[in-house]
1. Taking the condition of being part of a loop (DSSP other than H, G, I, E, B), modelled with pLDDT under 95 and among the aliphatic types (A, V, I, L, M), how many residues in segment 38-82 meet it?
2. So which pairs qualify, if the first residue must be in segment 136-150 and over 12 Å from residue 102 (Cα atoms), the second must be among the small types (Gly, Ala, Ser) and not in a helix (DSSP H, G or I), the Cβ gap must be under 6 Å, and the two must be at least 6 apart or on different chains?
3. Does residue 151 meet the test of being touching a Lys or Arg at 6+ places or on another chain (Cβ under 8 Å) and in the same structural domain as residue 189 (by TED's automatic domain parsing)?
4. One residue is enough: does segment 50-57 have a residue meeting the conditions more than 27 Å from residue 217 (Cα to Cα) and out of contact with any Lys or Arg (no Cβ under 8 Å at 6 or more places or on another chain)?
Amino acid sequence: MELTSMAATWLRDLAGMIWPRTCAICGQTLVDGEEMLCLKCLNGIPLTELHRSDFNTIHRRLAADVRIERAGAMMKYHRKGAYSGLIRRGKYNGRPELLRSLASLYASQLLADSFFDGIDLILPVPMHRWKKIRRGYNQSEVIAKALSGRTGIAVGDNLTARHGHKTQTRRGAFDRHRNVSSVFEVRHPEELAGLHILLVDDVITSGATLHACAKTLTDSVSGIRLSILTLAIASD
């Protein structure tokens, strides 16, 4: 076991000399103990701290006709921002490891604040199967699995996309809601009855996609409780 560990360390160090690990924000070479971001850039993440509020921006965007218990978003999202770029690269440029790292990092803070207490199941916002095949992965599922790895809470697949929908990028609020109003459905709703579900996505903009998912769940499942978690939230 000790020899195996030594060999793994040696191989990692050798790989580091050939392909140095660099900060995903500033490009500086990472040192031992740093993952994805250097310490300076890690401390520069524009955190929201929304999960510490009982009623925050996420509740206001989603709670018109859906009851949301807890809600959190890791960082503020600015379309041209460097940190928001991590999410875009993770989502569109085949870099899901960036999303995993962010989700794992956020989970550490949330665990310290007892955010996950009482959560029974994590459900990612689903992606239609053909879109998932084209992209190679569902970014919300990547985030959900990373959270599961830190918390031990299982990831479910009961929420599905019955058909595809056009991208929400550059759509207005009304068009966003209309675009996803009938996309989602719940398989085996009896399995979710009475559970506290954590609904997970990458970014909240207007909230249309998460609202459509939340409304589908509350309309389909008896006694369900919902909380929301994302990596980022766009400004009002």
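The values are calculated or read from the model by the stated rules, or taken from the named source; none is laboratory data. In this text, all values refer to a predicted model and were calculated from it rather than measured experimentally. All Cβ positions, even for glycine, are placed from backbone atoms using ideal geometry, and neighbour counts span all protein chains on display.
1. Within segment 38-82, residues that are part of a loop (DSSP other than H, G, I, E, B), modelled with pLDDT under 95 and among the aliphatic types (A, V, I, L, M) number 3.
2. none
3. no
4. no
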